[in-house]
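We did not get these values from a lab; they are worked out from the coordinates using the rules stated. All values derive from a computational prediction rather than experimental measurement. Counting neighbours? That spans all protein chains shown, and the Cβs are built from the backbone with ideal geometry, glycine included.
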Amino acid sequence: MNSWSRFEHEKSMLLYLNSIGFQVPQIALEGKRFFVTSDQGLPLSQVEAERITDDVLMQLITLFIKLHNADIAHGRPALRDILIDQHNQLSLIDFEESIMHASTKLKARDIYLLLLDLCRIKQVTIEQKRRILCYWKQQVSDEHWQSLLEIHQLLRRFKLIAHGILCFKKNNKLSQQFLETCILFDTFL
């Protein structure tokens, strides 16, 4: 989509999600080429790691379960797209790549990308991610779980490349995140 279509898509998604009571900021002001949303806090990527508790992580996975139950995939979830307010309540933003009537593969991709990005917070342990992944597995159909495992099986073929990159660029974050996510999924296989 071009930038104008992405803008219109995001605005319509926010309006729709607000209408069904989903945790997204409300549009407070809008014009022909802009909109302003209410303040919902800071992105998870900018808060102190101590605020990312087990309760917040459970709230996070529940938020995505609710989004997927509304038959919507976020498209590219990242910590910068998850806001936390002063009461530790979460909401989602950045729906320009969201998909209505999303397939199970797209919803599973959301979860994989979310788990991958959680690796940026060093204080979030593999065990914490394992707990929220187990909870997600209990809440979704077997088809969703199988789609997620298929994504992992496909991507794990690139482990050797990630290790190779780390030999030359020891601080390559994507390779580190990928390998940590592989370790998480390998505990399920």
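Phi-derived couplings, Karplus 6.51 cos²θ - 1.76 cosθ + 1.60 at θ = phi - 60°, listed residue by residue for the stretch 90-95: 9, 8, 10, 9, 6, 9 Hz, with x used for Gly and Pro.
The orientation-averaged projected area of the convex hull spanned by the Cα atoms of the stretch 90-151 comes to 5.0 nm².
Extent of the chain along its three principal axes (Cα atoms, max minus min coordinate, largest first): 50, 35, 33 Å.
Net charge dipole, the chain: roughly 720 debye, given to the nearest 20, about the Cα centre with Cβ charges of +1 for Lys and Arg and -1 for Asp and Glu.
Converting phi to 3J(HN,Hα) with the Karplus coefficients 6.51, -1.76 and 1.60 and the offset θ = phi - 60°, the stretch 23-39 yields 7, 9, x, 7, 6, 8, 8, 8, x, 4, 10, 7, 8, 10, 9, 5, 6 Hz in sequence order, with x at every glycine or proline. For the chain, the longest principal axis of the alpha carbon atoms and the long axis of helix 3-19 meet at an angle near 80°. Working from Cα pairs under 8 Å separated by at least six residues, relative contact order for the stretch 81-156 is 33 percent. For the stretch 110-153, backbone nitrogen atoms closer than 16 Å to the point 7 Å from Asp186 Cα along Cα-to-C-beta are found at 126-127, 130, 152-153. Summary of the geometry: the stretch 12-36 and the stretch 71-85, compared by the centres of their Cα atoms, lie 15 Å apart. Between His101 and Glu48, the FRET efficiency from the beta-carbon distance, with R0 = 35 Å, is close to 0.40. When the alpha-carbon atoms of the stretch 22-82 are used, the pair Rg, Dmax equals 13.5, 41 angstrom. Working note: Karplus 6.51/-1.76/1.60 with θ = phi - 60° gives the stretch 76-81 the couplings 7, x, 8, 4, 5, 9 Hz, where Gly and Pro are set to x.
Under the definition of Cα pairs under 8 Å and six or more residues apart, what whole-number percent is the relative contact order of the stretch 1-148? It comes to 25 percent, rounded to a whole number. The chymotrypsin sites (Phe, Trp or Tyr not before Pro) found in the stretch 1-48 that occupy coil by DSSP, while having at most 12 further C-beta atoms within 10 Å, are Phe34. Name all residues of the stretch 69-93 having a backbone nitrogen under 11 Å from the label point set 7 Å from the Cα of Phe34 along its Cα→Cβ direction, giving them as ranges. Answer for this model: none.
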